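Visitor: Input: one structure, supplied below.
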Amino acid sequence: MKRSITGRHFELTESIKTHVEAAIDVLDKYNLDITTANTVISSSEKKGFSVEFIVNLKDRNTIVITQNDKDIYTAIDLAIERMKKSLRRHADKIKGHRIMSFKDMGTEAEAVMDLDTADIELVPMDLELHKPLDFDEAIDALKAEKKRQFIVFNDTEGLMRVMYKRADGKFGLY
């Protein structure tokens, strides 16, 4: 990660630089591939100090946080807390779009075999398919089957589709 710390109308001391660098180091815990982190600290008589963090992420997202305060260390701390919140939300949004597996569901998830199946009759089936079916193979397999009412196959775009037998003898497609 490239870093730059700039002071406008204000001379940066070593203690301020180390405080900002330590604050930026904390942002690595979100694993978001931060490419650059720019910090601009400016001073004005009326507002006090203004701290601006500009963080560029690998996927071309830019997060800009500006914080004003009379004390420079307080302004840095408040700005970094707001930056953490923004990065956490961004990381949660990215993680929220992942497909969860059964293992990721945690301890509160129940396996099908652990359920009370006194009312439900489960019939295990062996998977005879060793490769994904295309449309023609799926329709031929469904015509040949007398017991099975539906079959899953891959279409030309690689999406999983479901073909089923209708009551009128025709085939439906999801």
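The values are calculated or read from the model by the stated rules, or taken from the named source; none is laboratory data. If you're wondering where the values come from, they're calculated on a predicted model, not measured in any experiment. So basically every Cβ, Gly included, is an ideal-geometry build from the backbone, and we count neighbours across all protein chains shown.
Visitor: Among the residues of the stretch 25-51, how many are part of a loop (DSSP other than H, G, I, E, B), touching a strand residue (DSSP E or B) at 6+ places or on another chain (Cβ under 9 Å) and at negative phi?
Guide: Going through the stretch 25-51, the residues part of a loop (DSSP other than H, G, I, E, B) turn out to be 31-33, 45-47.
When the remaining residues are screened for being touching a strand residue (DSSP E or B) at 6+ places or on another chain (Cβ under 9 Å), the result is 32-33, 47.
Checking which are at negative phi leaves us with 32, 47.
Selection size over the stretch 25-51: 2.
Visitor: Return the residues of the stretch 63-93 that are at pLDDT below 90 and loosely packed, with under 15 Cβ neighbours inside 10 Å; say none if nothing qualifies.
Guide: The answer is Arg88, Arg89, Ala91, Asp92, Lys93.
Visitor: Does the stretch 3-50 hold any residues that are of a type in the set (D, E, K, R) and touching a Ser or Thr at 6+ places or on another chain (Cβ under 8 Å), and which are they?
Guide: Arg3, Arg8
Visitor: Hey, among Thr66, Thr18, which residue is assigned to a strand (DSSP E or B) and either among the polar types (S, T, N, Q) or closer than 19 Å to Met1 by Cα (or both)?
Guide: Being assigned to a strand (DSSP E or B) and either among the polar types (S, T, N, Q) or closer than 19 Å to Met1 by Cα (or both) holds for just one of Thr66, Thr18, which is Thr66.
Visitor: Turning to a different aspect of this structure: Report yes if Ser50 is of a type outside the set (A, V, I, L, M, F, W, C), over 29 Å from the mean Cα position of the chain (by Cα), surrounded by fewer than 19 Cβ atoms within 10 Å (Cβ to Cβ) and under 16 Å from Ala75 (Cβ atoms), otherwise no. Talk me through it step by step, then tell me what you get.
Guide: Details: of a type outside the set (A, V, I, L, M, F, W, C): yes; over 29 Å from the mean Cα position of the chain (by Cα): yes; surrounded by fewer than 19 Cβ atoms within 10 Å (Cβ to Cβ): no; under 16 Å from Ala75 (Cβ atoms): yes.
In short, no.
Visitor: Could you tell me which numbered condition Thr39 fails, if it satisfies all but one of (1) surrounded by fewer than 15 Cβ atoms within 10 Å (Cβ to Cβ); (2) out of contact with any Leu (no Cβ under 8 Å at 6 or more places or on another chain)?
Guide: (1)
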